[in-house]
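Q: Sharing a structure below in structure tokens format, with a few things to ask.
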Amino acid sequence: MKAHFDADLIDFPLTIRRPKPGDRFQPLGMQQHKKLSNFFIDEKLSLIQKEKIWLLTNGTDIIWIMGIRIDDRYKVTPKSKRILEIEIVE
């Protein structure tokens, strides 16, 4: 699974962590934030699936629910000059 981000919006280092209560992000295609718990319900994720979730963060922003959805604010656009590609290898 690969994800692409506008590299000019990223402040390194990135961090990988587990979800915490109250986490929010802006799912790709949406113009507003959404709680992760509500996103997981909408995506019909089981408890087992939720326990396996990892998040990629840029500071305090969640930029990718890894393997599921990126944050709309970090998507690649025609204005993007540099692209960061991240791949999950199992």
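Q: For GLU87 and LEU14 in one chain, what is 0.36 nm times their gap in residues minus the Cα-Cα distance, to one decimal in nm?
A: Length gained between GLU87 and LEU14: 24.9 nm.
Q: Just the number please: accessible area per residue for the chain, 1.4 Å probe, all protein chains included, in Å².
A: 67 Å²
Q: Could I ask something else about it? Can you pull the Rg over Rh of the chain, Cα-only, Kirkwood?
A: Ratio of gyration radius to Kirkwood radius for the chain: 0.95.
Q: For the chain, what % of the accessible area comes from carbon and sulfur atoms, probe 1.4 Å?
A: Answer for the chain: carbon and sulfur cover 53 percent of the accessible area.
The values are calculated or read from the model by the stated rules, or taken from the named source; none is laboratory data. No experiment lies behind these values; they were computed from the predicted model shown. Ligands, DNA and RNA are excluded from the accessible area calculation, which covers all protein heavy atoms including side chains. Shrake-Rupley method; radii C 1.70, N 1.55, O 1.52, S 1.80 Å.
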